[in-house]
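These notes concern the structure reproduced below.
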Amino acid sequence: MSERGLLIVLSGPSGVGKGTVRKAIFERDDNEFEYSVSMTTRQKREGEVDGVDYYFRTREEFEAMIEAGDMLEYAEYVGNYYGTPLTYVNETLDRGKDVFLEIEVQGARQVKDKVPDGVFIFLTPPDLAELKARIVGRGTDTPEVIDERMKVAREEIEMMALYDYAVVNDEVHLAVDRIKDIIVSEHYRVDRVIGKYIKMLKEI
């Protein structure tokens, strides 16, 4: 039976570029992660595809899954639900595959409670001025929503202490390299591999 995979959680404030960095990771030829597509009740943005970028569901459908216990984590953010369906994550980890989650900070707190041995990576902006410029540059939010996102972003950055690593997203390819290096190192941690060697010693 294969070893259980790693659960890798990438989160950070809105506008920091989580989606861009995640896409860049999965476009690389050496990628070996399985991406767990998140679910949301927000409207699709131009170019987004259901089941690829997100599973887009109604509020009623999402709340039914919460009630049934079918979400690993979920959060309500700026008026919409975001979350991670549970079944896919568990089945993939049990097959020995690493699962990569790109989720909101509120959701990451829930995952850490349920899967404390996950790898939690906080993606940070170079500074708050750059973060606001990225949110404004998307052209998808009203000034009121932008102000709300910046308020929430400040609160989320203060929660960085809950994570194992902080990676600055100054340039996407550099952020990708840093994240890949972290995950390679995590696979060699003694507390992750020692069980295999204790089992081998018992069989001698």
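The values are calculated or read from the model by the stated rules, or taken from the named source; none is laboratory data. From a predicted model like this one, the values you see are computed outputs, not experimental measurements. Methodologically, a virtual Cβ is constructed for each residue, glycine included, from the backbone with ideal geometry; neighbour enumeration extends over all protein chains shown. SASA here: full protein model, heavy atoms, side chains in, ligands and nucleic acids out. Shrake-Rupley method; radii C 1.70, N 1.55, O 1.52, S 1.80 Å.
Whose amide H sits under 5 Å from the amide H of GLY12, counting only residues 5 or more places off or on another chain, with H placed in the peptide plane?
VAL105, LEU123
With a 1.4 Å probe and every protein chain left in place, work out the accessible area per residue of the chain in Å², rounded to a whole number.
Result: 55 Å² per residue.
Under 5 Å between amide hydrogens, which residues at least 5 positions from LEU72 or on another chain qualify, with H placed 1.01 Å from N in the peptide plane?
THR84, LEU86
Just need the relative contact order of the chain here, percent rounded to a whole number, with Cα pairs under 8 Å and 6+ apart.
Across the chain, relative contact order equals 30 percent.
Step through the residues of the range 116-131 one at a time and calculate ³J(HN,Hα) from phi using the Karplus curve (6.51 cos²θ - 1.76 cosθ + 1.60, θ = phi - 60°), rounding each to whole Hz and writing x for Gly and Pro.
x, 8, x, 9, 10, 10, 9, 8, 10, x, x, 6, 6, 5, 5, 4
If amide H atoms are built 1.01 Å from N in the plane of the peptide, which residues on other chains or at least 5 residues away come under 5 Å of the amide H of TYR54?
For TYR54, whose amide H was placed from the backbone, the distant partners under 5 Å are VAL49.
What is the sum of charges, Lys and Arg at +1 and Asp and Glu at -1, for the other residues whose Cβ falls under 14 Å from the Cβ of GLU67?
For residues surrounding GLU67, the net value is -2.
Please report Rg (one decimal) and Dmax (integer) in Å for the Cα set of the range 126-181.
According to the Cα coordinates of the range 126-181, Rg and Dmax are 13.1, 38 Å.
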